[in-house]
Amino acid sequence: MSFDQDTAVQRVMELMAIPGDSGREADVADYLIGHLRAAGAKASWISSDQVQKRTPLQGNTGNLVCVLPGTVRGPRRLLMAHMDTVPICVGSKPVRKGNKMISANPSSGLGADNRAGCAVTLIAASEILGRGLDHPPLTFLWTVQEEIGLHGARLLAKGSLKSPKLCFNWDGGAANKLTIGATGGYRMEIRITGLASHAGGAPEAGVSAIAIAGLAIADLQRRGWHGAIKKRGRLGTSNIGVIHGGAATNVVCDEVTLRAEARSHDPVFREEIVNEIEAAFSQAATRVTNQEGVNGQVKFRGNLDYEAFKISQDHPCVKAGIQAVSQAGLEPEFAVANGGLDANWLSARGLPTVSFGCGQVNQHMKTEELMVDEYLKACQIAMTLATASENT
Ligand SMILES: [Zn+2]
């Protein structure tokens, strides 16, 4: 599937030059809307939700959606990318040097993560509309606030997407990479309150928060709930990564704060890990008492960073992805992300989503680069996926 490569190069350079870190994506959205309209998209096809009003950070725009009726029959396909960059990329001055694009501003990153994704999806939409190419029903989605916690995808109203059957996301990495899963992560803070007393004069009057923490950690470690966890064939991990407490050796410590995380591809098992951690600390608190029988207290605070997912290699979106990457002359490679992607939230809502890279290297760094040949391959892959009409 051919497309105008010069335009594709121009679009990505223009997009990377737009300042727009998380919460400030409005100029990026305006750029996309302008080009969609110029290519022939009707105003009624384009909508922007108001998720920025419900995100922790008040953003200046919401997720952008463009819904195209099909010219041929076939299951609806969704193509998406996030619009924000990390703050270090604000001030990017994209220049091309041979096959690479970099920022000429030495104090900024390039912003190819994820303006290259925006460009790839925009090229697919504008080529299809501008050249009148046949295509199945399509939904284009550009999300906000991905980099600071997947907020746009997390709060997205599924109904606005018009029930896509095959979903494709473009984000950082190589063009031949198909990310078909990611680990779900839960982060927690554990606050133990004991009772302070003089460690030499009246230790029996105190309740040591450190002793409670020690008992709980030892219990988790002994029973196999800390580190790599394997129970009844289920896999996960947990880590108590931070521990703070105490001020002096002559005081029974009355406060310890710990930070921990739990991960698993299996959301039910991840919850079980979290429950085990909470139970270990709660029980340890009952086992440390002072002479009057006073216990320590434990409080937990936690939140799910992102939901886990794993798409079967037989799923139509994975099959279509493999085919499109192969058609572009590349060898498909599968990956499972250890962090969060917008695809985590779509997949968690019953919209399994394959993520591709578009040639970004060193994302989130000043040394970020975009490989032009890979970016153009990503455009080709997006064109193939957006115009395929077989009833997969
Ligand atoms: Zn990204």
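Note on LYS100: lysines with a C-alpha under 27 Å away, same-chain residues under 8 apart excluded, are LYS177, LYS366, LYS377. Picking from PRO203, ILE277, VAL251, whose Cα lies most toward the positive end of the charge dipole for region 184-306 (charges on Cβ: Lys, Arg +1; Asp, Glu -1)? Farthest towards the positive pole: ILE277. Annotation note: GluC sites (Glu not before Pro) in region 279-369 located in DSSP loop regions with a Cβ neighbour count of at most 12 within 10 Å are GLU292. Cβ-to-Cβ counts within 10 Å put HIS244, HIS135, HIS82, HIS364 in ascending order as HIS244, HIS364, HIS135, HIS82, the fewest first. Altogether, the Stokes-Einstein calculation at 4 °C and 1.567 mPa s, with the Kirkwood radius of region 184-306 over Cα pairs as Rh, returns a diffusion coefficient of 87 µm²/s. Only Cα sites of region 182-255 enter the Debye sum here, all with the same form factor; the resulting log10 I(q)/I(0) across q = 0.13, 0.20, 0.23 1/Å is -0.51, -0.88, -1.02, listed in q order. Relative contact order of region 184-306: 42 percent, from C-alpha pairs under 8 Å at least 6 residues apart in sequence.
Between ASP27 and VAL90, the simple label model (points 7 Å from Cα in the Cβ direction) yields a spacing of 1.0 nm. Within region 1-110, the ratio Rg/Rh, alpha carbon atoms throughout and Rh by Kirkwood, equals 1.01.
Give me the dipole magnitude in Debye, nearest 20, for region 35-118 about the Cα centre, with unit charges on the beta carbon: positive for Lys and Arg, negative for Asp and Glu.
On the way: 12 positive and 3 negative charges, 61 e Å.
Here region 35-118 has a charge dipole of around 300 debye.
With the gyration tensor restricted to C-alpha atoms of region 28-176, the semi-axes of the equivalent ellipsoid amount to 26, 20, 14 Å, longest first. Take the Cβ atoms of ARG131 and SER107, set R0 to 35 Å, and the FRET efficiency comes out at 0.30.
Each of ASN239, ALA213, GLY302 was scored by the projection of its Cα onto the charge dipole of region 184-306, and the greatest displacement toward the positive side belongs to ASN239; charges sit on the C-beta of Lys, Arg, Asp and Glu. Between region 195-227 and region 250-288, the alpha-carbon centres lie 13 Å apart. Compute the distance from the alpha-carbon center of region 131-159 to that of region 71-119, in whole Å. Distance between centres, Cα-based: 15 Å.
By other beta-carbon atoms within 10 Å, ranking TYR31, TYR306 with the fewest at the front produces TYR31, TYR306. For region 184-306, the Cβ-based charge dipole about the Cα centre amounts to some 500 debye (Lys, Arg positive; Asp, Glu negative; other atoms uncharged).
Full extension of the chain segment joining LYS100 with ASN250 gains 47.9 nm, where the gain is 0.36 nm per residue of separation less the Cα-Cα distance.
Of the residues SER48, ALA320, CYS379, the one whose Cα sits farthest toward the positive end of the charge dipole of the chain, with +1 on the Cβ of Lys and Arg and -1 on the Cβ of Asp and Glu, is ALA320.
Loop only by DSSP, 13 or fewer other Cβ within 10 Å of the Cβ. Give me the trypsin sites (Lys or Arg not before Pro) in region 207-265 that pass, ordered by residue number. Walk me through the numbers on the way to the answer.
Values: sites: ARG222, ARG223, LYS230, LYS231, ARG232, ARG234, ARG259, ARG263; in loops: ARG223, ARG232.
Passing sites in region 207-265 are ARG223, ARG232.
Restriction of the trypsin sites (Lys or Arg not before Pro) in region 41-119 to DSSP coil positions whose beta-carbon has at most 13 other beta-carbons within 10 angstrom yields LYS42, ARG54, ARG73. The ranking of MET80, MET16 by Cβ neighbour count inside 10 Å, starting from the fewest, reads MET16, MET80.
Taking the helices alone, the chain has a mean residue ellipticity at 222 nm of -10000 deg cm²/dmol, built from -39,500 (n - 2.57) per DSSP H run of at least 4 residues and averaged over all its residues. Within straight-line reach of LYS231, meaning a Cα separation under 17 Å, sit the following aspartates and glutamates at least 8 residues removed in sequence or on another chain: ASP219, ASP266, GLU271, GLU272, GLU276.
Convex hull over the alpha-carbon atoms of region 243-386: what's its volume per residue in Å³? Can you show the working numbers first?
Values: hull volume 22.7 nm³, N = 144.
Convex hull of Cα atoms, per residue: 158 Å³.
Computed about the Cα centre, the dipole magnitude for region 329-387 is approximately 240 debye when only Lys and Arg (+1) and Asp and Glu (-1) carry charge, each at its Cβ. Globularity index of the chain is 1.18 (Cα radius of gyration / 2.2 N^0.38 Å, N = number of residues).
Every number here is computed from the coordinates shown, using simple stated rules; none is lab data. Only a predicted model underlies this, so the values are computations on that prediction, with no experimental measurement involved. Ideal geometry is used to build each Cβ from the backbone, glycine not excepted, and the neighbour counts take in all protein chains shown.
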